[in-house]
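Below you'll find the structure, written out as structure tokens, and then a few comments.
The values are calculated or read from the model by the stated rules, or taken from the named source; none is laboratory data. Predicted model only: the values in this text are computed from it and were never measured. No Cβ is skipped: glycine too gets one built from the backbone with ideal geometry, and neighbour counts run over all protein chains shown.
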Amino acid sequence: MNTVPEYRELTDLQKLNEMKQELEAGFSTVLRHYQAGILHRPERIRQALEEQDAERVAMESHSLKSVCRQVGLMPMGELAAQLETMGASGCLDQAEPLIEQLIASSVQGNHELNHFCNGTTLPRPFFEKGD
Amino acid sequence: MARILIIDDDEPFRVHLGVLLRNAGHMVLEVECAIHALDKITLDPSPFDLLITDIFMPQMDGFELLSTLLRHHPRIRVIAMSGGGTGMTPHLALNVARKLGADALISKPFQPGEVIRMVERALQTTPT
């Protein structure tokens with residue numbers, strides 16, 4: 001029997017609401033800058049992995065980790081932290097599946113941030129499987 | 001109103017802190033690397049009342065920036081900021097920054113209200 005996976009939001013909405021209150025009119029601009037990082041950094045990490053450049057994997061993952069945690073994308077931040085540790089240790093053997101997860105999370109996370117920014121409700125489930 | 005220089009290689013953080021501190025009434029300049037920051041301060045250290053610097057950055061990290069800067073400009077006030085990295089926890093990285101002379105420490109992810117309070121407190125202290 002196919003089951004539809006339960007949809008779990010990646011974003012901590014409370015954190016985003018606090019940020020919105022603090023930044024007032026500047027919120028959308030700031031969030032767009034974070035979103036650009038969330039969308040583009042995973043691909044840069046993948047390129048660094050393809051080139052077996054562990055130092056760059058660590059540096060790019062470090063940046064992504066901080067960006068994700070700041071906007072409340074905690075699970076994605078944890079993936080980036082694991083990649084940062086791998087990069088810093090120079091051992092990238094287990095990195096590829098994490099990067100695939102990171103890329104999928106970046107699409108979902110960005111989608112959630114767009115909906116928050118536009119003040120719209122997220123259609124649920126966003127990525128149903130098994131229909 | 002204070003004049004504040006923000007140093008962070010990550011653009012979203014520079015923009016975020018810039019908006020936050022401008023909303024609080026400060027004049028803010030943002031640079032993406034420690035070398036650019038040192039260049040600006042070497043040319044004329046007087047325009048800045050306070051620096052807020054990230055720790056883990058390429059080329060020159062915040063530790064090196066702090067030790068170089070405070071050797072030549074010991075009266076400048078500095079807030080160090082980090083989410084940890086390259087095997088160092090945020091706590092450890094910020095403790096090292098404190099030993100190097102940082103006046104205050106911000107852990108990433110930061111709470112905007114906490115940053116504002118820390119900046120106000122740092123600006124009230126008399127540089128030694």
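Which of the following residues is farther than 19 Å from residue B:90 by Cβ and either among the hydrophobic types (A, V, I, L, M, F, W, C) or within 11 Å of the chain's Cα centre (by Cα) (or both): A:58, A:54, A:88?
Working: A:58 fails: farther than 19 Å from residue B:90 by Cβ; A:88 fails: farther than 19 Å from residue B:90 by Cβ.
Being farther than 19 Å from residue B:90 by Cβ and either among the hydrophobic types (A, V, I, L, M, F, W, C) or within 11 Å of the chain's Cα centre (by Cα) (or both) holds for just one of A:58, A:54, A:88, which is A:54.
Taking the criterion of being without any contact (Cβ under 8 Å) to a residue 60 or more places away in the chain, within 23 Å of residue B:117 (Cβ to Cβ) and either away from every other protein chain (no Cβ under 14 Å) or not charged (D, E, K, R) (or both), would at least one residue in the stretch B:37-45 satisfy it? Before the answer, list the steps.
Here is the first cut: in the stretch B:37-45, the ones without any contact (Cβ under 8 Å) to a residue 60 or more places away in the chain are B:37-45.
Filter once more, keeping what is within 23 Å of residue B:117 (Cβ to Cβ): none.
Scanning the stretch B:37-45 turns up no residue that is without any contact (Cβ under 8 Å) to a residue 60 or more places away in the chain, within 23 Å of residue B:117 (Cβ to Cβ) and either away from every other protein chain (no Cβ under 14 Å) or not charged (D, E, K, R) (or both).
Could you identify the single residue in A:55, A:51 that is of a type in the set (Asp, Glu) and either touching a helix residue (DSSP H, G or I) at 6+ places or on another chain (Cβ under 6 Å) or modelled with pLDDT of 95 or more (or both)? Don't jump to the end; show me each part of the working.
Working: A:55 fails: either touching a helix residue (DSSP H, G or I) at 6+ places or on another chain (Cβ under 6 Å) or modelled with pLDDT of 95 or more (or both).
Exactly one of A:55, A:51 is of a type in the set (Asp, Glu) and either touching a helix residue (DSSP H, G or I) at 6+ places or on another chain (Cβ under 6 Å) or modelled with pLDDT of 95 or more (or both), namely A:51.
Just give me the residues in the stretch B:40-52 being in contact with a strand residue (DSSP E or B) (Cβ under 9 Å, 6 or more places away or on another chain) and either farther than 20 Å from residue B:122 by Cα or crowded, with 18+ Cβ neighbours inside 10 Å (or both), in sequence order.
Residues satisfying the conditions are B:40, B:41, B:48, B:49, B:50, B:51, B:52.
Considering the stretch B:90-128 alone, what residues qualify as being within 14 Å of chain A (Cβ to nearest Cβ) and among the basic types (Lys, Arg)?
B:108, B:117
Please go through the stretch A:9-26 and pick out each residue that is surrounded by fewer than 18 Cβ atoms within 10 Å (Cβ to Cβ), over 15 Å from the mean Cα position of the chain (by Cα) and among the hydrophobic types (A, V, I, L, M, F, W, C).
Within the stretch A:9-26, A:25 is the sole residue that qualifies.
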